[in-house]
Amino acid sequence: MKNFEARYNDLPKTELHIHLEGAIRTQTIIDIAKEYDLKLPSYEAGELDKHIKVYGQMRDLHAVLRAFDIFQNSITSPGVIERIAWELFEDSAKQNIKLSEVRFSPDWAFHGHNLNWDACLEGLLRAKQRAEREFDMVIGYIAITTRGMGPESCVKTVDWAIRHKQHFIGIDLADSE
């Protein structure tokens, strides 16, 4: 999270494109890895940041997606996804973000540990409702359907989002373009 001078932080802001899977705090990844006995390239925040943070121009989207493998492996339970969302909203509030569109790919994010999508959504909704109440912000979720994961994944994601349409502001058709 970048810290700005107070005069900039005081301005209300919008966040129109943030990926939940890529917004996990480094320390949270380390905490989860220790709790669930997950392998990381490093358990020291500064070293791990070299694997998950973008410090300069990436050559292509695939380079960014490789970092997402660490993020995906960290999404181990509905409780963890709730924590990740809550911490994202906490960090957003510190930047005075008042409107946030948060996107995630349920088939990709929840696939690594074969999580129940509905249970994960319940956690996401608890984090959203709490953040909207405590931080006076408006949050919208966008379900990403990743074309590169194949037609079955896309249909599964879209059908799930339709079943829960009251909780989504849209669908994102994504790929590695």
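Read-outs throughout are calculated quantities, based only on the coordinates presented, and are distinct from any laboratory measurement. Everything numeric here is computed off the predicted structure, so don't read it as measured data. Note: ideal-geometry Cβ built from the backbone for every residue, glycine included; neighbour counts use all protein chains shown.
The table for this structure:
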read-out: Kirkwood hydrodynamic radius (C-alpha pairs) into Stokes-Einstein, the stretch 77-144, 37 °C and 0.692 mPa s, D in µm²/s; value: 272 µm²/s
read-out: Relative contact order of the stretch 3-101, defined on C-alpha pairs under 8 angstrom at six or more residues apart (%); value: 53 percent
read-out: Compactness index (Cα Rg / 2.2 N^0.38 Å), the stretch 105-177; value: 1.16
read-out: Quotient of Cα Rg and 2.2 N^0.38 Å for the chain, N being how many residues it contains; value: 1.02
read-out: Loop-located GluC sites (Glu not before Pro) in the stretch 93-140, at most 16 other Cβ atoms within 10 Å (DSSP); value: none
read-out: Ordering of 145-154, 74-83 by burial proxy (mean other Cβ atoms within 10 Å per residue, highest first); value: 74-83, 145-154
read-out: Relative contact order %, the chain, counting alpha carbon pairs below 8 Å whose residues are six or more apart; value: 24 percent
read-out: In the stretch 1-41, the trypsin sites (Lys or Arg not before Pro) that fall in loop regions by DSSP, at most 10 other Cβ within 10 Å; value: Lys2, Lys39
read-out: Signed unit charges on C-beta, dipole axis of the chain, positive-most listed residue Leu40, Gly148, Ile162; value: Ile162
read-out: Relative pair counts by distance (%), Cα atoms of the stretch 1-89, 10 Å bins; value: 14, 44, 31, 10, 0
read-out: The stretch 77-177: relative contact order as a whole-number percent, Cα under 8 Å and 6+ apart; value: 32 percent
read-out: Size of electric dipole in the chain: Cβ of Lys, Arg +1 and of Asp, Glu -1, about Cα centre, debye, nearest 20; value: 200 debye
